[in-house]
Amino acid sequence: MLDSCQNAQERWGGVHKLIDRWLEEREELVQAFRTLRDARPAFADKDKNRDFCAILVDYVSAWHFEVSGQLIEEAKAFGDARGLELATQINPRIDESTQIALAFNDHCEKGDCKDIERFADKLGKLGGLLRERFELEDCLIEVLHTAHKEEGALEV
């Protein structure tokens, strides 16, 4: 998961400060996930659990309230119909993963992580969901960035 994060930062780092900051948050999320996953038992370390959930909520919120909107605005500004169509297809899937991530956070905030097997199962499912989400986000960024980069080169 972290390798994918570093690869994305290499490919798009510097494109826009918002995306740079957001990719740094992704790396922080991946590291917090690993720390929580590797803790034994995971639920016993409430600080790690709380830290992970805070980073998780910040990350999914940043996509929803900042990054996605910025990418869509850029696509509109460049007349990028392909990027807008892709956003229409991908964003609902990302929104669905946001709801699951927020439900995980709510689960943890309520202190419902006392059953280690159930918590480990939920955390494992969340890890798979995050991996898929990162791929969807990367796909959308790549299509939008590539289209805009090529247009910008033609204008110079």
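The values are calculated or read from the model by the stated rules, or taken from the named source; none is laboratory data. If you're wondering where the values come from, they're calculated on a predicted model, not measured in any experiment. Here the Cβ is made from the backbone with ideal geometry for all residues, glycine too, and neighbour counts use every protein chain on show.
It is to be established whether one or more residues within the range 67-75 are closer than 21 Å to Asp47 by Cβ and touching a Phe, Trp or Tyr at 6+ places or on another chain (Cβ under 7 Å).
No, the range 67-75 contains no residue that is closer than 21 Å to Asp47 by Cβ and touching a Phe, Trp or Tyr at 6+ places or on another chain (Cβ under 7 Å).
Mind checking which pairs have a first residue in the range 23-34 that is within 16 Å of Gly128 (Cβ to Cβ) and part of a helix (DSSP H, G or I) and a second that is hydrophobic (A, V, I, L, M, F, W, C) and at pLDDT 95 or above, Cβ under 6 Å, 6 or more apart or different chains?
Matching pairs, first to second residue: Leu29/Ile55.
When residues of the range 37-61 are filtered for being of a type in the set (Val, Ile, Thr) and modelled with pLDDT under 95, how many remain?
The number of residues fulfilling the criteria is 0.
Taking Leu129, is it within 25 Å of Leu18 (Cβ to Cβ), at pLDDT 95 or above, assigned to a helix (DSSP H, G or I) and in contact with a helix residue (DSSP H, G or I) (Cβ under 9 Å, 6 or more places away or on another chain)?
It is true that Leu129 is within 25 Å of Leu18 (Cβ to Cβ), at pLDDT 95 or above, assigned to a helix (DSSP H, G or I) and in contact with a helix residue (DSSP H, G or I) (Cβ under 9 Å, 6 or more places away or on another chain).
Which residues, counting only those in the range 59-94, are aromatic (Phe, Trp, Tyr), part of a helix (DSSP H, G or I) and more than 13 Å from Arg133 (Cα to Cα)?
If the condition is that a residue be aromatic (Phe, Trp, Tyr), part of a helix (DSSP H, G or I) and more than 13 Å from Arg133 (Cα to Cα), then Phe65 is the only one that fits.
Look through the range 83-114, keep the residues that are farther than 25 Å from Trp63 by Cα and touching a residue at least 60 places away in the same chain (Cβ under 8 Å), and return whichever of them is nearest to the chain's Cα centre (by Cα).
Residue satisfying both the conditions and the ranking: Cys113.
From the list Asp47, Asp51, Asp58, exactly one residue is exposed (fewer than 12 other Cβ atoms within 10 Å of the Cβ) and either β-branched (Val, Ile, Thr) or under 24 Å from Glu24 (Cβ atoms) (or both). Which is it?
On inspection, the qualifying residue turns out to be Asp47.
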